[in-house]
Amino acid sequence: MGCDRTQAKEKAVSLSERARIAGLKPSTVESRVARGWTLERALSVPAKSAHRGGWSVEPSGLCAKLQRAGISRSAYYSRLRRGWSPDAALSVPPDDRFTASASEVRAGIAEKLRAAGIPRGTFYARLRYGWSPDAAASVPVRPYSGRCGVETPPR
């Protein structure tokens, strides 16, 4: 009985060492073997990360390419999840409307919105729809006519 434990321990150590040499977690190799994979296949197939089939190790030089393009890592992977090709995700520059800091954007906008009677949510929805910040803050909101064209009393 003690001999079986020693053999099992040696097998686990050799399996974990082989997994680390292959660049995999030992638990990944163990779960693959438990699912019926051969040991050779379990050690040769690279691991994928948890996010929609992306590889767990980034391609070499990706960080430098992202910095040169001025694109954040999260924006790049968000574009890939939305179906962009890797080349398009790197080549299209980020949208300038959202690159200014929040304090810079909010500094003069709040007064403009208050003066025009535009809700803040309407302003940001207009930005998402492609309006310029000036137009989104200055074009008045259409009057709400309620159901069937009947005016509703103000609250």
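Since every read-out is calculated from the coordinates, none of them should be taken as a lab result. Please read all numbers here as calculations on a predicted model, not as lab measurements. Quick reminder, even Gly has a Cβ in these numbers, built from the backbone with ideal geometry, and neighbours come from all protein chains shown.
Key figures for this structure:
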| item | result |
| --- | --- |
| Spin-label pair Lys65/Thr38, simplified geometry with 7 Å Cα→Cβ offset, distance in nm | 3.4 nm |
| Hz values of 3J(HN,Hα) by residue in region 133-140 - Karplus curve (6.51, -1.76, 1.60), Gly and Pro given as x | x, 5, 5, 5, 8, 10, 6, x |
| Charge context of Ala19, other residues only, Cβ under 12 angstrom, K/R +1, D/E -1 | +2 |
